[in-house]
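*Asks:* One structure is given below, represented as structure tokens, and several questions about it will come after.
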Amino acid sequence: MEYNLADLFESVVDVVPDREALVYVDHPGTGAERRLTYAELDAAANRIGHHLLDSGVRPGEHVGLHLYNGVEYLQTVLGCLKARIVPVNVNYRYVEEELVYLYRDADLVALVFEAEFADRVAAAVPQAPALRRLIRVGAGAEQVAAVGFTEAEAGGSPERGFPARSGDDQFIIYTGGTTGLPKGVMWRQEDLFFAGLGGGAPTGEPVRKPQEVAERVAAGGSGITFFPTAPLMHGTSTLTAFIGFNFGQRVVIHRKFVPEEVLRTVAKERVSAVSLVGDAMLRPLIDALEGPMKGTDCSSLFSVSSSGAIMSDTVREQFRALVPNAMLLNNFGSSESGFNGTATDDAGPERGFRIRVNSRTRVVDPVTHEPVAAGEMGRVAQRGHVPLGYYNDPAKTAETFFEKDGERWVLLGDMATVDEDGVVVVLGRGSQCINTGGEKVYPEEVEQALKSHPDVYDALVAGVPDARWGSQVAAVVQLRTGVPRPSLADIQAHCRTRLAGYKIPRRLVITEAVRRSPSGKADYRWAREVAAADAGLTPRG
């Protein structure tokens, strides 16, 4: 047995086959749900894995998952891993052109897709000649020649009977593409197990042998319920589900994020741990708890964790006042590094996004790759269990991954400093940095200040061209419902109490809704376009 995700899952199934593994709420508000034990989920995954092999998909080939959250998503991921087929996440918001790019770039040979997306799939598939097997989830979609998921599942064996697997088997996570074209991050499963899944124990000591995962499950008990609320197709939620499986605990998923239904499920299922993405998901939960869901029993909730976007200090305080028993964790990581660390309790607008990082994370000079001195700026890097590179992109792989002292490293896009105690202060993504008169402004810092304004519901910050300063800071703001429209001077006065003068927004754009990915990640391309259009300019980048 190796550090292979399918092997590890099967080892857990064998010790707790009758324990509930997955609870799925189909259409929030309808009460429709599915519940599977570990043995039932295992058999379901075997069926789809065997169907893929029987239909001609070979080990090592790539299968796309173009799906909302559902049993079929996790069942297909597990089925692929069992059959040594590589699962590839597909952003369900993509339109035809973006789908054609991803289908081709990922060399997909099969696609499992939601019937609701049939029009887009039908338009893209003819332009991706390698795709030879389509499996439809749901009814309809006659415009696409596909086998129904239920039919595919029924034709596959529920038994295991797969070839021996390896820790070298791959798992590919495509990035969100909100700052450029999405890239496929290629992980060895052993590396992903330790970097993204905490080695079987994210809050404790990693296992020392693969068999220890099941041994710990057998020695422990049940009672923990994980609830990843973001889309599974963004990677973090899928990894959260696998963390739950590695613990032999229960995982709850919803088809879509509906704040009121999330809270109902927290109360009904006695959820222990919720994972989400920043203020874009936490704020609606606060609104619901202060409004229609006031008094909801959240006493079971032990932790609320965010990755991919920051839960701002102001919003965290509001949630803590409503649910004082829950820890609020701002985790730091990426598709390229897995988990790097968690924000300190004193992180906030005044002191910055301060991260207590793991032993494999450093801040290094991006050219020499040497660790920077305390107070100096560099880029966050991680060594050891890192990806193999980007699929079909050797140039970007060479820019991002390097070897030093016999170890493999990944150089992340985040700029940071480190203090004398080893605490890392993350400044922001270098690709989003705004250069205004030679001073560097990181949007995330300004966004935190903006979102502490009582009338601001959400905000993104972008740079727009400026004849004198090169770029000027522009704030794209979504207001709370019913509040008066603030002036630029009002916003500037508020920000001056938290930010240096050169970081203050010089332009204010009020928008009906800030655009983010389905998981809540910032769409900076959109923010630049909106800010530039307001200024009558053409956006850069």
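The values are calculated or read from the model by the stated rules, or taken from the named source; none is laboratory data. Owing to the predicted nature of the structure, the values given are computational and were not obtained by experimental measurement. Here Cβ is always computed from backbone atoms with ideal geometry, including for glycine, and neighbour counts include all displayed protein chains. Surface accessibility is based on the protein's heavy atoms, side chains included, excluding ligands, DNA and RNA. Shrake-Rupley method; radii C 1.70, N 1.55, O 1.52, S 1.80 Å.
*Asks:* Step by step: first the residues of the range 265-288, then only those that are free of Cβ contacts under 8 Å to residues at least 40 places away in the same chain and more than 22 Å from Gln448 (Cβ to Cβ), then the one that is surrounded by the fewest Cβ atoms within 10 Å (Cβ to Cβ). Which residue is that?
*Replies:* Lys268
*Asks:* Hey, among the residues in the range 434-456 that are under 22 Å from the mean Cα position of the chain (by Cα) and open to solvent by 30 Å² or more (accessible area, probe 1.4 Å), which one's farthest from Tyr502 (Cα to Cα)?
*Replies:* Glu444
*Asks:* Yes or no: Ala416 modelled with pLDDT of 90 or more and under 20 Å from Ala513 (Cβ atoms)?
*Replies:* For Ala416, the condition - modelled with pLDDT of 90 or more and under 20 Å from Ala513 (Cβ atoms) - is not met.
*Asks:* Can you tell me which residue within the range 394-431, out of those that are touching a Ser or Thr at 6+ places or on another chain (Cβ under 9 Å) and not hydrophobic (A, V, I, L, M, F, W, C), is farthest from Ala195 (Cα to Cα)?
*Replies:* Looking at residues that are touching a Ser or Thr at 6+ places or on another chain (Cβ under 9 Å) and not hydrophobic (A, V, I, L, M, F, W, C), I get Ser431.
*Asks:* Tell me which of these Arg104 doesn't satisfy, since it passes every other one: (1) over 23 Å from the mean Cα position of the chain (by Cα); (2) within 30 Å of Ala522 (Cβ to Cβ); (3) among the basic types (Lys, Arg).
*Replies:* Tallying (1) over 23 Å from the mean Cα position of the chain (by Cα); (2) within 30 Å of Ala522 (Cβ to Cβ); (3) among the basic types (Lys, Arg), Arg104 fails exactly one: (1).
*Asks:* May I pose another question? Inside the range 521-541, can you point out the residues that are over 29 Å from the mean Cα position of the chain (by Cα), touching a residue at least 40 places away in the same chain (Cβ under 8 Å) and assigned to a helix (DSSP H, G or I)?
*Replies:* The answer is Asp534, and nothing else.
*Asks:* Something else about it: Val258 fails exactly one of the following numbered conditions: (1) buried (at least 22 other Cβ atoms within 10 Å of the Cβ); (2) farther than 23 Å from Ala201 by Cα. What is the number of that condition?
*Replies:* Val258 satisfies all of (1) buried (at least 22 other Cβ atoms within 10 Å of the Cβ); (2) farther than 23 Å from Ala201 by Cα except (1).
*Asks:* What is the one condition in (1) part of a strand (DSSP E or B); (2) over 26 Å from Met233 (Cα atoms); (3) open to solvent by less than 60 Å² (accessible area, probe 1.4 Å) that Gly333 does not satisfy?
*Replies:* It is condition (2) that Gly333 fails.
*Asks:* Then there is this: Going through the range 463-478 one residue at a time, which ones are hydrophobic (A, V, I, L, M, F, W, C) and touching a Ser or Thr at 6+ places or on another chain (Cβ under 9 Å)?
*Replies:* Once the filter is applied, which keeps residues that are hydrophobic (A, V, I, L, M, F, W, C) and touching a Ser or Thr at 6+ places or on another chain (Cβ under 9 Å), the range 463-478 yields Val464, Trp469, Val473, Val476, Val477.
*Asks:* Identify, by number, the condition in (1) open to solvent by less than 10 Å² (accessible area, probe 1.4 Å); (2) touching a strand residue (DSSP E or B) at 6+ places or on another chain (Cβ under 8 Å); (3) not in a loop (DSSP other than H, G, I, E, B) that Met186 doesn't meet.
*Replies:* (1)
Residue-by-condition table, conditions (1) farther than 15 Å from Arg84 by Cβ; (2) open to solvent by 50 Å² or more (accessible area, probe 1.4 Å); (3) touching a Pro at 6+ places or on another chain (Cβ under 8 Å); (4) in a strand (DSSP E or B):
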{"position": "Ala123", "(1), (2), (3), (4)": "yes, no, no, no"}
{"position": "Pro129", "(1), (2), (3), (4)": "yes, yes, no, no"}
{"position": "Leu134", "(1), (2), (3), (4)": "yes, no, no, yes"}
{"position": "Glu142", "(1), (2), (3), (4)": "yes, yes, no, no"}
{"position": "Ala145", "(1), (2), (3), (4)": "yes, yes, no, no"}
{"position": "Ile172", "(1), (2), (3), (4)": "no, no, yes, yes"}
{"position": "Leu181", "(1), (2), (3), (4)": "yes, yes, no, no"}
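*Asks:* Now for a separate question. Just checking, does the range 103-113 include any residue being over 19 Å from Arg84 (Cβ atoms), at pLDDT 95 or above and either loosely packed, with under 14 Cβ neighbours inside 10 Å or hydroxyl-bearing (Ser, Thr, Tyr) (or both)?
*Replies:* Among the residues of the range 103-113, at least one is over 19 Å from Arg84 (Cβ atoms), at pLDDT 95 or above and either loosely packed, with under 14 Cβ neighbours inside 10 Å or hydroxyl-bearing (Ser, Thr, Tyr) (or both), which makes the answer yes.
*Asks:* Based on this model, can you work out whether Ala321 counts as farther than 26 Å from Tyr524 by Cβ, small (Gly, Ala, Ser), in contact with a helix residue (DSSP H, G or I) (Cβ under 6 Å, 6 or more places away or on another chain) and assigned to a helix (DSSP H, G or I)?
*Replies:* No, not satisfied.
*Asks:* Could you count how many residues in the range 139-183 are at pLDDT below 90 and among the acidic types (Asp, Glu)?
*Replies:* The total comes to 1.
*Asks:* What are the pairs with Cβ atoms under 6 angstrom where one residue, in the range 223-242, is among the hydroxyl-bearing types (Ser, Thr, Tyr) and part of a helix (DSSP H, G or I) and the other, located anywhere, is at pLDDT below 95 and open to solvent by less than 10 Å² (accessible area, probe 1.4 Å)? Sequence gap at least six, or different chains.
*Replies:* Ser237/Ala230
*Asks:* Can you find, within the range 336-373, the residue that is least open to solvent (accessible area, probe 1.4 Å) among those that are among the polar types (S, T, N, Q) and in a loop (DSSP other than H, G, I, E, B)?
*Replies:* Ser337
*Asks:* Restricting the range 232-253 to residues that are open to solvent by less than 10 Å² (accessible area, probe 1.4 Å) and touching a Pro at 6+ places or on another chain (Cβ under 7 Å), which is farthest from Pro87 (Cα to Cα)?
*Replies:* Ile253
*Asks:* How many of the residues making up the range 459-471 are out of contact with any Cys (no Cβ under 9 Å at 6 or more places or on another chain) and open to solvent by 10 Å² or more (accessible area, probe 1.4 Å)?
*Replies:* Summing the residues that are out of contact with any Cys (no Cβ under 9 Å at 6 or more places or on another chain) and open to solvent by 10 Å² or more (accessible area, probe 1.4 Å) in the range 459-471 gives 7.
*Asks:* State the number of residues belonging to the range 96-111 that are under 14 Å from Arg132 (Cα atoms) and without any contact (Cβ under 8 Å) to a residue 60 or more places away in the chain.
*Replies:* Within the range 96-111, residues that are under 14 Å from Arg132 (Cα atoms) and without any contact (Cβ under 8 Å) to a residue 60 or more places away in the chain number 6.
*Asks:* Could you list, in sequence order, all residues of the range 199-222 that are touching a Gly at 6+ places or on another chain (Cβ under 9 Å), in contact (Cβ under 8 Å) with a residue 40 or more places away in the chain and open to solvent by 20 Å² or more (accessible area, probe 1.4 Å)?
*Replies:* Correct list: Ala218, Ser222.
*Asks:* Report, by residue number, each residue of the range 457-485 that is under 30 Å from the mean Cα position of the chain (by Cα) and among the β-branched types (Val, Ile, Thr).
*Replies:* The answer is Val461, Val464, Val473, Val476, Val477, Thr481.
*Asks:* Considering only the range 472-498, state which residues are touching a residue at least 60 places away in the same chain (Cβ under 8 Å) and crowded, with 19+ Cβ neighbours inside 10 Å.
*Replies:* Matches in the range 472-498: Ala474 only.
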